[in-house]
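Working notes, beginning with the structure itself.
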Amino acid sequence: MKWILVGVIVTATVLCDALQTVGMRRHGEIQDFRPGALGRACAALARNGYVIVAVALMAVSFFTFLTLISLADLSFAVPATAASFVIETFVAKYFLKEQVAWRRWTGAALVACGVALLAL
Amino acid sequence: MDLRLKTRLFTTIVVLANVLGNSLMSYGVRRHGGALGSSVFEYLQVMFNPYVAAGICLLIVWMLARMALLSWADLSYVLPVTSIGYVLTAVMGRVFLGEQVSARRWLGTVLIMAGTALVGSTAVRTHASPARVNLVETAG
């Protein structure tokens, strides 16, 4: 049961982050941090299709996570769901066209190993 | 604002809001007692627990700050760098929630910190953003 929940969380998180990144890039860099400008940015994002789907997926991930922490330790739940990490680095490289050089691969791999150790 | 400074500031907000939010939520769910999942009503009930509600507010801050961060930084940068939160979560679990953190879990923590530091030393943005393209054109 624990691992089924982890699977749902990982799938939802990967899709959510990919769509969120695309949505935010289309919106453009947030540069003005005055309250009015932030309000306008939020209003624009609320009409951004990518962001809307991403938030829905985040809700799926959130409620599944809430279920998971009700039956497992938080120090198991958080690292186990971080399996999304490795998948997302591939997504970043091949779909989001980011330059993932050796320092990033090594760093991501170290984090993934660390996460595995935390979960075992 | 300088890109790296702005990134550091938002990374800190993202990490702190996430760690505190998760810890408060976990504490609240634990106090509620028993495994969740039997009915929608049970989820609503647990969300009105003050600890869970405070945790949810912090997670909303987390989500907005992370969205702002992703508007300029790479996803493959944001993920490892904010993963320092896992380390803080382990510490919070040990100190405040009374969970057992074994030697193996601490070793995992050290690896995560090393990975975070390594990725933190790379460029914040490698994809071509519209702003950057304009800048290059103006300079040319």
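The values are calculated or read from the model by the stated rules, or taken from the named source; none is laboratory data. All values derive from a computational prediction rather than experimental measurement. Backbone-built Cβ (ideal geometry, glycine too); neighbour counts: all protein chains shown.
Scanning region B:64-97 for residues that are at the interface with chain A (Cβ under 7 Å from one of its Cβ atoms) and within 11 Å of the chain's Cα centre (by Cα) returns B:L79, B:P80, B:S83, B:Y86, B:T89. Listed by position, the helices (runs of 4 or more DSSP H) contained in region B:1-106 that have at least 1 residues being over 30 Å from B:H127 (Cβ atoms) and modelled with pLDDT under 85 are B:3-32, B:40-47, B:84-95. For region A:20-41, the set of residues classified as part of a helix (DSSP H, G or I) and within 19 Å of the chain's Cα centre (by Cα) consists of A:Q20, A:T21, A:V22, A:G23, A:M24, A:R25, A:R26, A:H27, listed by residue number. Looking only at residues of region A:105-116 that are touching a Phe, Trp or Tyr at 6+ places or on another chain (Cβ under 9 Å) and at the interface with another protein chain (Cβ under 7 Å from one of its Cβ atoms), we find that the one that is modelled with the lowest pLDDT is A:V115.
Selection of region A:16-43 for residues being surrounded by 13 or more Cβ atoms within 10 Å (Cβ to Cβ) and over 13 Å from B:L70 (Cα atoms) yields A:L38, A:A41. Annotation: of all residues in region A:51-71 being more than 13 Å from the chain's Cα centre (by Cα), within 25 Å of B:R30 (Cα to Cα) and not aromatic (F, W, Y), the one that is surrounded by the most Cβ atoms within 10 Å (Cβ to Cβ) is A:L68. Looking across region A:91-104, the residues that are part of a helix (DSSP H, G or I) and more than 9 Å from chain B (Cβ to nearest Cβ) come down to A:Y94, A:W102.
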